[in-house]
Amino acid sequence: KVKPHAYFKREGSNIHSDLYISISQAVLGAQVLVKTLYGNVKLKVAAGTQHDERQRISKYGVQKLPPNHSQKGDHFVTLKIIIPKRLNHQQREAMLAYQECEPKADSQAAVELLISLNLMRGFGVLG
């Protein structure tokens, strides 16, 4: 049996890990380094990334068993957005400025939009 690792979790030939990113990296997008079994790999975080989104790094998992021993599994990265508990003055001013121009959350409208988007995806209209 394989001992648990503090950073990596194994599931068959696939590896899973969490990567903590800032709000600005999630909103604006960024290129970050991910620790893998084979060293650090650059990963593109898309603008608008949501908490707990997963990205795959193909062929960075564990080598498969025969007869597929020439293949490797994948490394799945779950992105975790860090929400700061404290802001300095400049950060607070920036967030207040953003709050003034962001669309106000209308929970019913948001639910209806999500339902329609999911229906469109189900019908193959969205990718």
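Considering only residues that are of a type in the set (K, R) and at pLDDT below 95, which ones fall in the stretch 64-106?
Result: K64, K72, K85, R86, R92, K104.
Would you pick out the residues in the stretch 38-87 that are open to solvent by less than 80 Å² (accessible area, probe 1.4 Å), closer than 18 Å to R10 by Cβ and assigned to a loop (DSSP other than H, G, I, E, B)?
S58, Y60, G61, V62, K64, N68, G73, D74
Looking at (1) in a strand (DSSP E or B); (2) in contact with a Gly (Cβ under 9 Å, 6 or more places away or on another chain), find the lone condition where V34 falls short.
(2)
Criterion first (in contact with a Ser or Thr (Cβ under 8 Å, 6 or more places away or on another chain) and either free of Cβ contacts under 8 Å to residues at least 60 places away in the same chain or closer than 30 Å to M95 by Cα (or both)) does F8 satisfy it?
Details: in contact with a Ser or Thr (Cβ under 8 Å, 6 or more places away or on another chain): yes; either free of Cβ contacts under 8 Å to residues at least 60 places away in the same chain or closer than 30 Å to M95 by Cα (or both): yes.
Taking the combined requirement at face value, the residue satisfies it.
Condition first: of a type in the set (V, I, T) and over 15 Å from D74 (Cα atoms). Now tell me which residues in the stretch 14-57 satisfy that.
Going residue by residue through the stretch 14-57, those that are of a type in the set (V, I, T) are 15, 21, 23, 27, 32, 34, 36, 41, 45, 49, 57.
Listed by number, the residues that qualify are I21, I23, V27, V32, V45, T49.
What are the residue pairs meeting all of these: first residue in the stretch 23-39, first residue closer than 13 Å to I83 by Cβ, second residue of a type in the set (A, V, I, L, M, F, W, C) and open to solvent by less than 100 Å² (accessible area, probe 1.4 Å), Cβ atoms under 6 Å, and 6 or more apart or on different chains?
If the second residue must be of a type in the set (A, V, I, L, M, F, W, C) and open to solvent by less than 100 Å² (accessible area, probe 1.4 Å), the pairs left are Q25/V45; A26/I81.
Only one of S24, S17 is of a type in the set (G, A, S), assigned to a strand (DSSP E or B) and either open to solvent by less than 40 Å² (accessible area, probe 1.4 Å) or farther than 22 Å from Q71 by Cα (or both). Can you tell me which?
Exactly one of S24, S17 is of a type in the set (G, A, S), assigned to a strand (DSSP E or B) and either open to solvent by less than 40 Å² (accessible area, probe 1.4 Å) or farther than 22 Å from Q71 by Cα (or both), namely S17.
The values are calculated or read from the model by the stated rules, or taken from the named source; none is laboratory data. All figures in this text were calculated on a predicted structure; none of them were measured in a lab. All Cβ positions, glycine included, derive from the backbone under ideal geometry; neighbour counts span all protein chains shown. Ligands, DNA and RNA are excluded from the accessible area calculation, which covers all protein heavy atoms including side chains. Shrake-Rupley method; radii C 1.70, N 1.55, O 1.52, S 1.80 Å.
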